Amino acid sequence: MRHVVLLSAGLLLGAASVHAQQVKTKAEFDAYSTSKSKEIRQLITAKQYRPALALYAQWHQAYNTLDEATKQNFRGLEANLYYNEACYYSLLKDRPNALANFRQAIGSGYQDYLHATSDTDLDFIRGDKAFQQQMASIRDKGDYRYILQKDKGYTTESASRLPSFRYQAADAPQLAMLRKTYKLDSIAGAGTDVSQMINLMHWVHERVPHNGTIENPKLRNAHDLLTVCQQEKRGLNCRGLATVLNEVYLAMGFQSRFVGCLPKDTADFDSHVINSVYSTSQKKWLYMDPTQDAYVMNEQGNLLSIEEVRERLINGQPLLLNPTANWNHKQSATKEEYLYRYMAKNLYQLETPVSSEYNLETRATGKTIQYVRLLTQPAAAKAPPISTDKVGTTTLISYTTSNAAAFWQPPQGK
């Protein structure tokens, strides 16, 4: 069973004496939840499920005393509480309460289909029709490979209305400066283009930690991002890391772009941004993720593109993740969690800039930034062909296509 993870990054205040009726603020509930979680873990370790369930009832009571604005800091908590209670009732072979709490978990927004499918704590009720009906109700939201398989189709529609992709040359002054300042030739090494790409990704991963809870600095180019991170001892979110790596690749003469990877559920803001860099030796784009220091291979050990990874997820073909893939050296990345769960969710929609260049996403008065978004045929049929948005004084234009060949076309002359 996966333990409840609070969605609020509260401080561990050690408030074991805080009672439910005293909990009013976000900080108080953070402290209360930390205390309750610790008590419950101790009881579960000792397999004292009934006393643990009594503490869950208190936790629900404390949550219900919060006002609606404060509850927004703990989205998903209630669903996880009900899910855990379902597991413990199942372990106690209390079928009615196990099924009732699982139903409440689903009703509160739980949709982790893959986890519920493999969680042995639920085996006692797995054969029940009521359980299977609840599982079927979340498959379209939580079985990410199934979602890709259902909506996998692209088209060969005309791409004439799409702007041409462009890649800034390495002799551009800012890119040349970047290459010289950070001694990128030494970092890349003298090996193949693929080994150089991996070395450069590894350098970015080691130099800047990932922090998905903060906004990136306003100046969004590799030099300024690296400088600010060093000065302020801070990290970048995945988009910031992909921006740095993209410009590092461009500075070394590799045609590259960052790719936003988004889920089908437009209410799910947990998306990801990685890199796609063109290898002349492999004659294709390669998947690189500086957040996880990750690249993906087939069963022969050949590196894959983002497109190939997506196709293999759909078709059930083998995928291998480099064994050194990790998050901030605190957690190893596994193909089950990273590829089959997280990236399968986020490879439903893809978006990339039209022009891959230094300082692309720094906002400025009168600036226009263009993107192309790749959607499956069913999704593209519902989306406008062109959408325009305004962020401050910067205009963002997004072109929609379901033509995968146009989206993944090789750089000109390759």
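Tell me what the chain gives for mean residue ellipticity at 222 nm when only DSSP H runs of n ≥ 4 count, each as -39,500 (n - 2.57), the sum divided by the residue total, rounded to 500 deg cm²/dmol.
Working: 16 runs with 167 residues, N = 414.
Value at 222 nm, helices only: -12000 deg cm²/dmol.
Among the aspartates and glutamates, select those whose C-alpha is under 12 Å from the C-alpha of LYS264, and discard any that sit fewer than 8 residues away in the same chain. Partners found: ASP140, ASP143, ASP151.
Note that region 208-295, at 25 °C in a medium of 0.890 mPa s, gets a Stokes-Einstein diffusion coefficient of 179 µm²/s from its Kirkwood radius over C-alpha pairs. Taking 0.692 mPa s as the viscosity and 37 °C as the temperature, the Stokes-Einstein diffusion coefficient of the chain based on its alpha-carbon Kirkwood radius rounds to 139 µm²/s. The alpha carbon radius of gyration of region 58-207, expressed as a multiple of 2.2 N^0.38 Å, is 1.74. Under a 5 Å amide H cut-off, with hydrogens placed 1.01 Å from N, TYR371 pairs with VAL354, ILE397, SER398, TYR399 among residues at least 5 apart or on other chains.
Beyond a 30 Å Cα-Cα separation, which of these cross-linked pairs lie in this structure: LYS180/LYS390; LYS345/LYS390; LYS180/LYS283; LYS183/LYS414; LYS26/LYS233?
Values: LYS180/LYS390 35 Å; LYS345/LYS390 28 Å; LYS180/LYS283 28 Å; LYS183/LYS414 27 Å; LYS26/LYS233 27 Å.
Table pairs above 30 Å Cα-Cα are LYS180/LYS390.
Values in this text are rule-based calculations from the coordinates and carry no lab data. Just so we're clear, the structure is a prediction, and the values are computed from it rather than from any experiment.
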